[in-house]
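What follows draws every value from the coordinates through simple rules; no lab data is involved. From a predicted model like this one, the values you see are computed outputs, not experimental measurements. Cβ atoms come from the backbone with ideal geometry, glycine included; neighbour counts cover every protein chain shown.
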Amino acid sequence: MEQVKSLMHKSEERRPVDDYLKTFSKKLKEKPEKIFEEINALNNPKIKDVDIIKVIDLKPIDKEDLNKIFNEVSLDEDEANKILEIIKKY
């Protein structure tokens with residue numbers, strides 16, 4: 001969602017998209033790319049790029065929320081904690 005914001009141009013057509021993004025997107029202290037890089041640097045084969053993007057968009061706050069994103073694979077406690085620690089930094 002953050003990338004969509006950066007790609008949109010100022011225009012009247014932008015207003016509905018802005019409203020949607022404001023409703024469903026929380027501000028990040030840093031750029032989403034940094035979060036992506038940190039999670040990707042964990043080198044965990046269970047974590048796919050599409051899952052990282054979902055994590056960035058949804059910003060889970062606990063293991064239960066995180067497991068909803070990773071519903072096709074099972075993250076162990078250590079794996080989940082590492083991802084949550086990264087999210088909490090931002």
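Taking 0.36 nm per residue of separation and subtracting the Cα-Cα distance, what length does fully extending residue 41 through residue 62 add?
Using 0.36 nm per residue and subtracting the Cα-Cα distance, I get 5.5 nm.
Among 82-88, 71-77, how do they line up from the highest to the lowest mean number of other beta-carbon atoms within 10 Å?
Details: 82-88: 16.1, 71-77: 10.6.
Ranking, from highest mean packing down: 82-88, 71-77.
Mind checking the full-extension length gain between residue 82 and residue 33? Use 0.36 nm per residue of separation minus the Cα-Cα distance, one decimal, nm. All intermediate terms of the calculation are to be shown ahead of the outcome.
Working: separation 49, 0.36 × 49 = 17.64 nm, distance 1.72 nm.
Working it through step by step, the gained length comes to 15.9 nm.
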